[in-house]
Amino acid sequence: MNSTLPKAILFDMDGTLTDERIDWDTLRADLGVAPDEAILEAVERMDAAGRERAEQVLHHHEQLAAERSELNVGCHELLTWLDTRGIGRALITRNTRKSVRTVFDKHGLHFDIAITREDGLYKPDPAPLLIACERLGVSPADAWMIGDWKFDIEAANRAAVHAVWISYGRDRPFAAVPDRVVQHLDELRILITQM
């Protein structure tokens, strides 16, 4: 890791900035997706009729989660702290643009850039991270990706962006290795302060 402040922070949304409100078991059952299968990838493999039905189910669950979302402790404080230091920020999510707008409007959030799955490739592909860095005018080496799941860390590793896993007290249930681990958003702010 660099011993200087990052020039940009790239955030995941669900489970990172907001608490996790999707019942994954119910969603998988409603979609007919196996417990160990990645949902978006499984939906992509469906035939046209199955994909259309699955996308409606998925959008319903995601929108409900967005409407019920609560920010994780320290979110506003962290974002304000980044603003005062001129550190750019982007939101990169596998969620929909509509869900992101709902979360932003509900909680008064603003990001320089928001990239959703409707923008093309999505995590764990590195493309959205590289696009965010380009739009923010920073090198991937000067950006950090903050996320709570393997897709965030895998995408960061592939993009040569510093990967920070926010664990919220969980053991890491995946093989991808982050550069740093923090327990919560307040600890992330402390970590950045110490750089």
Hey, any hits in the stretch 92-115 for a residue that's of a type in the set (Phe, Trp, Tyr) and under 23 Å from residue 153 (Cα atoms)? yes
From (1) at pLDDT 90 or above; (2) surrounded by 14 or more Cβ atoms within 10 Å (Cβ to Cβ), pick out the condition that doesn't hold for residue 20. (1)
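Conditions (1) among the small types (Gly, Ala, Ser); (2) outside any helix (DSSP H, G or I); (3) at pLDDT below 95, marked per residue:
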residue	(1), (2), (3)
46	no, yes, no
49	yes, no, no
53	no, no, no
56	no, no, no
79	no, no, no
Go through 89, 158 for me and flag whichever is within 11 Å of residue 8 (Cα to Cα) and outside any loop (DSSP other than H, G, I, E, B). 89
Could you run through the stretch 174-186 and say how many residues are of a type outside the set (A, V, I, L, M) and either part of a strand (DSSP E or B) or free of Cβ contacts under 8 Å to residues at least 12 places away in the same chain (or both)? 1
Name the one entry in 164, 177, 138, 182 that is modelled with pLDDT of 95 or more and surrounded by 22 or more Cβ atoms within 10 Å (Cβ to Cβ). 164
Qualifying positions in the stretch 97-146 - β-branched (Val, Ile, Thr), in contact (Cβ under 8 Å) with a residue 24 or more places away in the chain and part of a loop (DSSP other than H, G, I, E, B): 138
Test each condition in (1) assigned to a helix (DSSP H, G or I); (2) in the same structural domain as residue 159 (by TED's automatic domain parsing); (3) under 19 Å from residue 122 (Cα atoms); (4) of a type in the set (A, V, I, L, M) for residue 40 and report the one that comes out false. (2)
Checking the condition crowded, with 19+ Cβ neighbours inside 10 Å and hydrophobic (A, V, I, L, M, F, W, C), which residue from 130, 188 passes? 188
Residue hits (the stretch 55-81; surrounded by fewer than 19 Cβ atoms within 10 Å (Cβ to Cβ) and more than 10 Å from residue 17 (Cα to Cα)) are 55, 56, 57, 59, 60, 63, 64, 67, 68, 77, 80, 81
Are any of the residues in the stretch 28-38 within 29 Å of residue 135 (Cα to Cα) and of a type outside the set (Ser, Thr, Tyr)? yes
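The values are calculated or read from the model by the stated rules, or taken from the named source; none is laboratory data. Note that the structure is a prediction, hence the values are computed from the model and not measured. Note: ideal-geometry Cβ built from the backbone for every residue, glycine included; neighbour counts use all protein chains shown.
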